[in-house]
1. If residue 243 satisfies all but one of (1) closer than 23 Å to residue 346 by Cα; (2) surrounded by fewer than 18 Cβ atoms within 10 Å (Cβ to Cβ); (3) more than 16 Å from ligand 2 (Cβ to nearest atom); (4) touching a residue at least 40 places away in the same chain (Cβ under 8 Å), what's the number of the condition it fails?
2. Just give me the residues in segment 1-32 being touching a Gly at 6+ places or on another chain (Cβ under 9 Å) and away from ligand 1 (no atom under 15 Å from the Cβ), in sequence order.
3. Does residue 42 satisfy being surrounded by fewer than 24 Cβ atoms within 10 Å (Cβ to Cβ), of a type in the set (A, V, I, L, M, F, W, C), under 19 Å from residue 225 (Cα atoms) and at pLDDT 95 or above?
4. So which of 25, 21, 29, 37 is at negative phi, of a type in the set (A, V, I, L, M, F, W, C), within 16 Å of ligand 3 (Cβ to nearest atom) and in a helix (DSSP H, G or I)?
5. Please tell me if residue 252 is at pLDDT below 95, more than 16 Å from ligand 3 (Cβ to nearest atom) and either surrounded by 20 or more Cβ atoms within 10 Å (Cβ to Cβ) or hydroxyl-bearing (Ser, Thr, Tyr) (or both).
6. Go through (1) within 18 Å of residue 74 (Cβ to Cβ); (2) buried (at least 24 other Cβ atoms within 10 Å of the Cβ); (3) within 16 Å of ligand 3 (Cβ to nearest atom); (4) not polar (S, T, N, Q) and name the single condition residue 130 misses.
7. If you check residue 96 against the conditions, is it more than 28 Å from residue 79 (Cα to Cα) and more than 15 Å from ligand 1 (Cβ to nearest atom)?
8. Within segment 192-225, can you find the residues that are within 16 Å of ligand 3 (Cβ to nearest atom) and surrounded by fewer than 20 Cβ atoms within 10 Å (Cβ to Cβ)?
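The values are calculated or read from the model by the stated rules, or taken from the named source; none is laboratory data. Keep in mind the model is a prediction, meaning the values are calculated, not measured. Here the Cβ positions follow ideal geometry from the backbone for every residue, glycine too, while neighbour counts run over all protein chains shown.
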Amino acid sequence: MRIVQKFGGTSVANVERIQAVALRVKGEVDEGHQVVVAVSAMAGVTNQLIEYCSAVSPLHDAREHDVVVSTGEQITSGLLAMALQGLGIQARSWQGWQLPIRTDGVHGKARIRDIDTQELEKRLESGEVAVIPGFQGLGDDNRITTLGRGGTDTTAVALAAALHADRCDIYTDVEGVYTTDPRIVPSARKLDKITYEEMLEMASLGARVLQTRSVELAMNHRVPLQVLSSFSNASGTLVCDEDEIVEKEIVSGIAYSMDEAKVTLVKVEDRPGIAASIFGPLADANINVDMIVQNVSEDGSTDVTFTVGRVDVGRAKEAVQNDDSISFESVITDDAVVKVSVIGVGMRSHVGVAKTMFEALAEKGINIQVISTSEIKVSVLISEEYTELALRSLHTAFDLDGE
Ligand code: ADP
Ligand code: ASP
Ligand code: MG
């Protein structure tokens, strides 16, 4: 079998853990498998590197930023290759530019386009283990790019797809994908299986256990993906097709995202074309708008509320204020909000999920500020101070609590 293993930051946080990872890799090699390993930077290192960049220059050149922040993974890839050699295993590291892993030129959140696997294939056939730093690639401009936070997941899945691996194992610091973040809700339950679609929603709605792009790639290339712990031998969670899951829950998970900010335009003139004139300038400024609500108009004016990413809130305010084609009384922003979402493919065939969700929140006196839905999820925006209470109450309301 050909296996890609990914080890996250906590799993390679220090030299002892890197040695433990080497033993795990050896386990697969001893079984006779071909192994490719993708590694993250040691826990905390990427944050530190980002801080250095901000300290030197708040408006830094994105290309130099990538030169700096990609280095954490270079260190762990070399160390793991050495640790493997110490165990008598033939191993070498391959930096993103050496393979190369080709990406587009969007520094800081590049997308992988293509991986040259020719040399890798040859080496794998000869029994060599390849250790590959995650999160980095080579852009159009022939410079180092990075793939966005959590990008090593995507490196691993992209390698698994390009190498037609039989399995892609994502080793992390929890035992798999849970019904919700186990660090916030202790009664969260580990899922044996979750569909690609649900995992994609969970990831994009805030569950950081897998980077969204990695799930997208796994789904498109049908990569058999598994999430498991590098600290235990418990079985993990399999991400798979819907027809591989016999007992489907209506709701399989609850996610939350703090990366939201709310913008309200008070007393906007209510006439055809007003929405276009508000959201046009935001799109022009490359600001992604997520949830939108518009109140009923009573006196010819209306309030329009929408959410944007937290980092964009200042720019969003500026964009609407600087546009003369929109007239409104004032603009209010609030970033002490959280988006909580319930997710499940069962929603397609069951009604009442939104009702259960709203009732559970009402019972705790939690006010819903904005709502949005899609085929397999319902999201609400609430005040940030209720995050934990909301997650716990919804977890119970949807019968997700473990024993
Ligand atoms: P790594 O460094 O291994 O990539 P991450 O910190 O990126 O690890 O992701 C693992 C973390 O994701 C867990 O420690 C957990 O707190 C968080 N998490 C959020 N939602 C979930 C969920 N539904 N299931 C499992 N973990 C989750
Ligand atoms: N080291 C990078 C990060 O912290 C990439 C990763 O770990 O997946 O975001
Ligand atoms: Mg991660």
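1. Result: residue 243 passes all but (4).
2. Once the filter is applied, which keeps residues that are touching a Gly at 6+ places or on another chain (Cβ under 9 Å) and away from ligand 1 (no atom under 15 Å from the Cβ), segment 1-32 yields 1, 19, 22, 26, 29.
3. Considered against the rule, which asks whether it is surrounded by fewer than 24 Cβ atoms within 10 Å (Cβ to Cβ), of a type in the set (A, V, I, L, M, F, W, C), under 19 Å from residue 225 (Cα atoms) and at pLDDT 95 or above, residue 42 comes out as no.
4. 21
5. yes
6. Only one criterion in (1) within 18 Å of residue 74 (Cβ to Cβ); (2) buried (at least 24 other Cβ atoms within 10 Å of the Cβ); (3) within 16 Å of ligand 3 (Cβ to nearest atom); (4) not polar (S, T, N, Q) is unmet by residue 130, namely (3).
7. no
8. Selection gives 204, 208, 216.
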